[in-house]
Amino acid sequence: MVTSISEPLSAPLDVGFDYTRSLGPVLGRFATELREHRVLGVRGSDGRVHVPPVEYDPVTAQPLTEFVQVGTEGTVTTWSWIPEPLAGQPLQRPFAWALIKLDGADTALLHAVDAGSPQAMAIGMRVRVRWTAEPVGGIRDIECFEPLDAPERAVAATPEPVTMITSPVHLRYLHSASPEESRYLRGLAEGRLLGQRCPACGKVYVPPRPACPTDGVPTEDEVELPDRGVVTTFCVVNVPFLGQRIKPPYVAAYVLLDGADIAFLHLVLGCAAEEVRMGMRVRAVWRPRESWGTTLENIDHFAPTGEPDAPYESFAQHL
Amino acid sequence: MAKQLAAVIGTGQTHHTAKRQDVSMAGLCREAIDRAMADAGVDWPEIDAVVLGKAPDLFEGVMMPELFLADALGATGKPLLRVHTAGSVGGSTGNVAASLVQSGVHRTVLAVAFEKQSESNAMWALSILPPFSMPVGAGAGGYFAPHVRSYIRRSGAPEHIGAVVAAKDRRNGARNPYAHLKQPDITVESVRSSPMLWDPIRYDETCPSSDGAAAVVIADESVASGRPAAWIHATAMRTEPTTFAGRDQVNPQAGRDAAAALWREAGITDPLSEVDVAEIYVPFSWFEPMWLENLGFSELGQGWKLTEAGETALGGRLPVNPSGGVLSSNPIGASGLLRFAEAAMQVMGRAGEHQVDGARIALGHAYGGGSQYFSLWVVGAERPGAR
Ligand SMILES: [Zn+2]
């Protein structure tokens, strides 16, 4: 039985990718005009001028094509103060997010206002565009807005057609393992493989789950498993890809430990890839003990034991 | 409780390709929508609700695209739903739209699904490694290749069957003006000599990465009567967890259950005899025989014999993927709806060069996740029960 209760393990999980955005004819034109220090809107079927322009009319859903140049000054319709800016926001000092209706526009644009303090912000205040000195294409070519009484800075336009922008997305999670998985991971740090048995169906899960996926009951009965088993099935990964941690080619195999009822994916080395077989007996090859942590990576790979292959019938129900 | 009759009255899709950098996501969707609405002969005031399908958010890095796309989808002032079932999402989108009509809630519903793979990297998105785990995952191909090996072992299928499927689907794609890959000269031999990516899956047995969209207009009997229509005879969806002890990854229970429910509702007792054409979600070639068995078109372990005998080619007993299938075009979010739309086009007699002669009953199929989600429909040239 599991008797000790300890804190679940957590570790950072950072996910990031530089997505691209094809802008299409309307937003592409908007972004291109920003490079010329002009702001374009588009006129809708009801006569309203939408800024930023929209591709399709919100009323009729028809494509919109009548572009209208609007002013680079406008009026704040509402705002919210940001005392501690986050990474990636337009300004790295306190600023206001504001909805700004540019002169000649009928809809408001969301952008930052560099006002210095919330006391300087007010609904109805007049602001103007501050152009960035380092254009990237897109709405970021407006560095921010500033009150009309701020000293004007001269920035030269850098005309260039814009058809695509890069949109980096970064997510920073704290990934937490379940209490059961944490116990299994702490076992790995001691070179042990700890699973749990479902009290209803008797299946042994490694890693253990908080509940049996079939019966929905907690799996509390701990089972220590040997570091040997059988390859149920596998593939040979020959293809390189972004974020890959093992250099191809490598054999990714489902390893069913002796006494377990579910296989997990791991690496098979110690023989040529073409010699790996369904039913091949393998054993864990552990990394040096001093490098162990709370991870399945403590097992560097599985290698053939040289024993006779397991008969197909013995693992057929695990495919 | 009896369902209201519903029918597909129009279909539309983009010319699928690796990079559609001339259009935004909105513009991409609208190409498919405009074609579907023109095909159906309906205008925006007649659309009561819109259903959008899109693969997982990380594939394009857009949270809730349905919100920023509302104008482009003509959804202002109308119900707009997003469906989210991984790779099967296009099929589920069609089924959800159908249910809105079958329930009597709406008369005419627009279903649209899209993917712009050029703006992202699906292989990266599918291989994100959580802490504490072993970094052996390798995208969708790496996930499915071991299960393909299991199928080959279990069925005793000869090694060339996958190549037969790939060559057939790519040649079919060459007949489809909208297909991404058009390879009229591909052969079983050339597929077998292409590089091995995730052994046992070769390069030519793998779906491409595509930008594209698909749309269908589904209407009730009062709207559909007197128009060209693909009548919806049955729909089914089933789900199961990714992993559990004893899970059959080759022949998942959820797929078998979905098929059984589908055939029962459609009144079909012998699918191989009664279905004229099938659009089956085959992103890796070997999934044709695997799903033929899972769907009940053959006995277990025998699906590859239909493939080998040419029965799934155009002119065969059950042409599978006359459109070229996922192996010829794969805008992931749209791929399921493309299967469903092609099934409708076939029974409406609108499939052009890839038309199956005399198609009256057609299957559309999609699966997603780790073979966890299954969405199917059967459409017919006639109202259900008229056969
Ligand atoms: Zn259980």
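The values are calculated or read from the model by the stated rules, or taken from the named source; none is laboratory data. Here the structure is a predicted model, which means the values were calculated and not measured. Methodologically, a virtual Cβ is constructed for each residue, glycine included, from the backbone with ideal geometry; neighbour enumeration extends over all protein chains shown. SASA here: full protein model, heavy atoms, side chains in, ligands and nucleic acids out. Shrake-Rupley method; radii C 1.70, N 1.55, O 1.52, S 1.80 Å.
How do the helices (runs of 4 or more DSSP H) wholly within segment B:63-177 filter down when requiring 1 or more residues that are within 14 Å of chain A (Cβ to nearest Cβ) and more than 20 Å from the chain's Cα centre (by Cα): which remain?
Passing ranges, in order: B:65-68, B:122-125, B:139-155.
When both residues are 6+ apart or on different chains and their Cβ atoms are under 6 Å apart, which pairs have a first residue that lies in segment B:83-104 and is without any contact (Cβ under 8 Å) to a residue 60 or more places away in the chain and within 24 Å of B:Met123 (Cβ to Cβ), and a second that is part of a helix (DSSP H, G or I) and not hydrophobic (A, V, I, L, M, F, W, C)?
B:Val83/B:Ser92; B:Val83/B:Thr93
From (1) out of contact with any Leu (no Cβ under 6 Å at 6 or more places or on another chain); (2) open to solvent by 40 Å² or more (accessible area, probe 1.4 Å), pick out the condition that doesn't hold for A:Leu194.
Going through the list (1) out of contact with any Leu (no Cβ under 6 Å at 6 or more places or on another chain); (2) open to solvent by 40 Å² or more (accessible area, probe 1.4 Å), A:Leu194 breaks only (2).
Does B:Ala309 meet the test of being open to solvent by 20 Å² or more (accessible area, probe 1.4 Å) and touching a helix residue (DSSP H, G or I) at 6+ places or on another chain (Cβ under 8 Å)?
When the stated conditions are applied, B:Ala309 does not pass them.
Quick grid of which residues meet (1) under 28 Å from B:Ala167 (Cα atoms); (2) within 14 Å of chain A (Cβ to nearest Cβ); (3) more than 16 Å from the ligand (Cβ to nearest atom):
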site	(1), (2), (3)
B:Thr243	no, yes, no
B:Val250	yes, yes, yes
B:Ala261	no, no, yes
B:Glu265	no, no, yes
B:Ala278	yes, no, yes
B:Leu292	yes, no, yes
B:Gly296	yes, no, yes
B:Glu308	yes, no, yes
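Considering segment B:106-123 alone, what residues qualify as being open to solvent by 30 Å² or more (accessible area, probe 1.4 Å) and in contact (Cβ under 8 Å) with a residue 12 or more places away in the chain?
Selection gives B:His106, B:Arg107, B:Met123.
Among the numbered conditions (1) at the interface with chain B (Cβ under 10 Å from one of its Cβ atoms); (2) at negative phi, tell me where A:Gly279 comes up short.
Checking A:Gly279 against (1) at the interface with chain B (Cβ under 10 Å from one of its Cβ atoms); (2) at negative phi, the one that fails is (2).
Consider B:Ala163 carefully, then state whether it is over 30 Å from A:Trp292 (Cα atoms), open to solvent by less than 30 Å² (accessible area, probe 1.4 Å) and not basic (Lys, Arg). Write out each step before concluding.
Values: over 30 Å from A:Trp292 (Cα atoms): yes; open to solvent by less than 30 Å² (accessible area, probe 1.4 Å): yes; not basic (Lys, Arg): yes.
Taking the combined requirement at face value, the residue satisfies it.
Tell me which residues, restricted to segment A:2-28, are touching a residue at least 24 places away in the same chain (Cβ under 8 Å), open to solvent by 70 Å² or more (accessible area, probe 1.4 Å) and over 30 Å from the mean Cα position of the chain (by Cα).
The answer is A:Ile5, and nothing else.
Considering only segment A:201-245, state which residues are within 25 Å of A:Met280 (Cα to Cα), touching a Ser or Thr at 6+ places or on another chain (Cβ under 8 Å) and more than 16 Å from the ligand (Cβ to nearest atom).
Selection gives A:Arg228, A:Val230, A:Thr232, A:Thr233.
Would you point out which residue out of A:Val239, A:Val268, A:Val255, A:Val276 is touching a strand residue (DSSP E or B) at 6+ places or on another chain (Cβ under 9 Å), under 30 Å from B:Ser120 (Cα atoms), outside the structural domain of A:Gly202 (by TED's automatic domain parsing) and surrounded by 16 or more Cβ atoms within 10 Å (Cβ to Cβ)? Outline the logic, then answer.
Details: A:Val268 fails: under 30 Å from B:Ser120 (Cα atoms); A:Val255 fails: under 30 Å from B:Ser120 (Cα atoms); A:Val276 fails: under 30 Å from B:Ser120 (Cα atoms).
Being touching a strand residue (DSSP E or B) at 6+ places or on another chain (Cβ under 9 Å), under 30 Å from B:Ser120 (Cα atoms), outside the structural domain of A:Gly202 (by TED's automatic domain parsing) and surrounded by 16 or more Cβ atoms within 10 Å (Cβ to Cβ) holds for just one of A:Val239, A:Val268, A:Val255, A:Val276, which is A:Val239.
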